[in-house]
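The values are calculated or read from the model by the stated rules, or taken from the named source; none is laboratory data. In this text, all values refer to a predicted model and were calculated from it rather than measured experimentally. Virtual Cβ from ideal backbone geometry, glycine too; neighbours counted across all protein chains shown.
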Amino acid sequence: MNVSSYLELYLTLFGWHMYSVFWDILMDTGIAYMPFVGMFLRNIIEPIKSQDAKDASITSLKRIEIDIFIMFTVIVLAVQPFISIKYNGLNYTKACTAKGVAAGTVKAGKTGTSYDSTFTKASLGGGSVKAPIWWYGALAIIGGFNDAAILKIPCSADIRLLEVKLENARVKDPHLRRQVQQFHKDCYSRARASFLDNPDKYKLPKGMDPKNIDWMGSSYFVGGLYKDIQSQQEIVGFKYNKARDQKYYNPKVYIPVNGRPTCQQWWTGAGHNKKLGLRDALKGQIEKDTMDQLYLKFGGTNKAIVDKRAIRSLISREKLNFSGLRNLNTYNDLRIGNTYNSAVATAGGLLESISFYPKMYMLKTAAPIIQATILMLIYMLLPFYFVFSSYDMGKMIFMTIIIFSVKFWTVLWAVAHWLDNNLLDALMPGMLLSATDALTQNNIVVKMVINFVTGALFVVIPVFWSGLLTWAGHKVGNAMSQSMDNMGKSSGSAGSGGGSATAGAAKSAVKKGK
């Protein structure tokens with residue numbers, strides 16, 4: 001049997017465990033038999049009210065026979081636990097991993113998540129539960145249907161997850177943080193000042209983005225000015241170089257353990273251990289899994305470009321900590337000449353856009369948890385549902401459609417996820433690789449449009465779908481219940497008619513005999 005999430009592997013078992021507990025209690029207390037008492041009374045009293053005593057007895061008998069058959073059929077198929085579901089008997093196939101590639105199938109206890117240590121066999125009631133035949137078959141068919149549909153949806157990297165991970169990436173190593181601050185002071189500030197103070201001497205190559213010099217890893221500075229600027233203090237790991245450092249030290253008096261690398265060497269690690277370079281050290285502050293996803297997402301882009309954008313994004317989050325200066329990346333983005341309404345709209349859109357990404361990520365994370373919890377509650381409360389509905393076959397069909405509608409949310413979310421990623425790619429190409437570019441008003445509007453559309457897909461569509469299926473299930477269930485009632489009434493009428501005909505024939509025979 002297949003399920004739709006890691007948590008559902010465990011909550012399905014617990015739901016059916018509680019189902020058996022509640023059903024046993026209803027049986028032991030006699031509540032489970034009360035519908036039969038009600039059925040007998042109803043089928044005896046109703047015919048008596050509308051028919052003669054003799055005809056009423058025949059009608060009652062026929063109705064009781066039919067209702068008993070229906071009720072026992074429902075109990076055997078959909079109420080009495082029969083088929084065992086073991087701890088490792090459920091499967092979850094994740095269609096796409098976070099990297100956007102197909103994944104394998106896992107079982108309870110081997111998901112690789114913290115659920116394994118929390119939801120053990122003992123905590124789930126022994127690791128083996130029983131479910132009625134009907135529900136076991138229905139869940140197996142629904143699970144297979146969902147998996148078949150989801151596996152046909154092309155995999156794509158989760159752009160919103162990557163965005164959140166990049167937003168939350170920080171330079172956690174205090175020594176590295178101190179080095180970056182020193183690099184900004186000794187290298188970037190000096191290089192930028194030289195560039196701005198000498199417009200005739202330093203000019204950006206034709207076609208180079210002017211924003212290239214707006215961060216300390218500028219390729220223009222690394223390939224030029226950084227070669228002629230050195231650290232103002234010794235940097236751990238960079239060995240003393242006589243040709244480079246003797247202007248700071250007299251070798252006859254003192255030779256330091258560490259040297260003063262050029263800013264180019266300091267940034268790239270050139271001529272030394274590559275890992276000493278700030279560029280690679282900063283890259284190491286971003287989770288390897290996140291970088292792998294970025295490489296996969298932008299497979300046609302040079303890895304060096306991906307690295308540069310990821311590092312630039314990391315640094316931009318903590319620019320004030322490193323420099324204490326105004327964020328020059330957005331210096332030209334706010335124009336005083338804009339109208340008040342435009343400024344307010346842009347600011348409001350920016351706040352909404354910034355807050356929506358974490359909300360959307362939380363929604364994607366919470367959705368399968370909510371679904372698994374709802375299904376668990378449905379499973380465990382089914383015994384009360386059947387008892388209070390007097391083991392009605394129409395209600396069994398109705399609840400089957402309800403469960404199908406809730407489990408089908410997984411397919412709807414997979415479609416919404418695919419559309420969300422592709423809309424972001426289509427309307428904002430290269431968004432992740434441009435994480436530090438200006439947030440223009442147009443970009444904000446585009447983001448808001450995508451957010452509202454995909455937000456509706458994740459929330460509104462599943463609710464609408466379940467409402468539609470509930471209405472359909474109600475109609476189907478009522479139609480089936482009505483057909484069963486008509487069957488009983490027809491049989492009763494036939495019996496009553498047959499009894500009347502027999503009585504009439506007997507009376508005629510008696511008269512002729514006289």
- Note on the structure: Exactly one of Asp209, Asp228, Asp214 is surrounded by 14 or more Cβ atoms within 10 Å (Cβ to Cβ) and either assigned by TED's automatic domain parsing to the domain that holds His184 or out of contact with any strand residue (DSSP E or B) (no Cβ under 7 Å at 6 or more places or on another chain) (or both), and that one is Asp214
- Message: Just to verify a result, which residue in the range 172-222, among those that are part of a loop (DSSP other than H, G, I, E, B) and among the polar types (S, T, N, Q), is nearest to Asp280 (Cα to Cα)?
- Response: Ser218
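Residue by residue, here is whether (1) closer than 30 Å to Leu161 by Cα; (2) in contact (Cβ under 8 Å) with a residue 40 or more places away in the chain holds:
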| position | (1), (2) |
| --- | --- |
| Ile64 | no, no |
| Phe69 | no, no |
| Lys86 | no, yes |
| Ala108 | yes, yes |
| Gly137 | no, no |
- Residues satisfying the stated conditions in the range 376-404, i.e. surrounded by 19 or more Cβ atoms within 10 Å (Cβ to Cβ) and among the polar types (S, T, N, Q): Thr400
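Criterion first (touching a helix residue (DSSP H, G or I) at 6+ places or on another chain (Cβ under 6 Å), in a helix (DSSP H, G or I) and surrounded by fewer than 16 Cβ atoms within 10 Å (Cβ to Cβ)) does Lys165 satisfy it?
No; evaluated as a whole, the condition is false for this residue.
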- Message: Just the residues that are under 21 Å from Asp307 (Cβ atoms) and not in a loop (DSSP other than H, G, I, E, B), please, taken from the range 226-259.
- Response: Tyr226, Lys227
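State all residues of the range 148-190 that are among the β-branched types (Val, Ile, Thr) and closer than 30 Å to Lys227 by Cβ; if no residue qualifies, say none.
Scanning the range 148-190 gives Val171, Val180.
To keep it simple, each residue is scored yes or no on (1) more than 12 Å from Phe183 (Cα to Cα); (2) in contact with a helix residue (DSSP H, G or I) (Cβ under 7 Å, 6 or more places away or on another chain); (3) at pLDDT 85 or above.
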{"site": "Asn198", "(1), (2), (3)": "yes, no, yes"}
{"site": "Lys201", "(1), (2), (3)": "yes, no, yes"}
{"site": "Leu204", "(1), (2), (3)": "yes, yes, yes"}
{"site": "Met208", "(1), (2), (3)": "yes, yes, yes"}
{"site": "Trp215", "(1), (2), (3)": "no, yes, yes"}
{"site": "Ser219", "(1), (2), (3)": "yes, yes, yes"}
{"site": "Leu225", "(1), (2), (3)": "yes, yes, yes"}
{"site": "Ile229", "(1), (2), (3)": "no, yes, yes"}
{"site": "Gly237", "(1), (2), (3)": "yes, yes, no"}
- Note on the structure: Flagged in the range 7-42 as in contact (Cβ under 8 Å) with a residue 60 or more places away in the chain and among the polar types (S, T, N, Q), in numbering order, are Thr12, Ser20
- Query: Which ones in the range 98-123 are modelled with pLDDT of 80 or more, surrounded by fewer than 16 Cβ atoms within 10 Å (Cβ to Cβ) and part of a loop (DSSP other than H, G, I, E, B)?
  - Reply: Lys110, Gly112, Thr113, Ser114, Thr120, Lys121
- Item | Every pair of residues 6+ apart whose Cβ atoms lie under 7 Å, when the first sits in the range 119-134 and is closer than 29 Å to Val74 by Cβ while the second is of a type in the set (D, E, K, R) and in a loop (DSSP other than H, G, I, E, B) | Gly127/Lys121
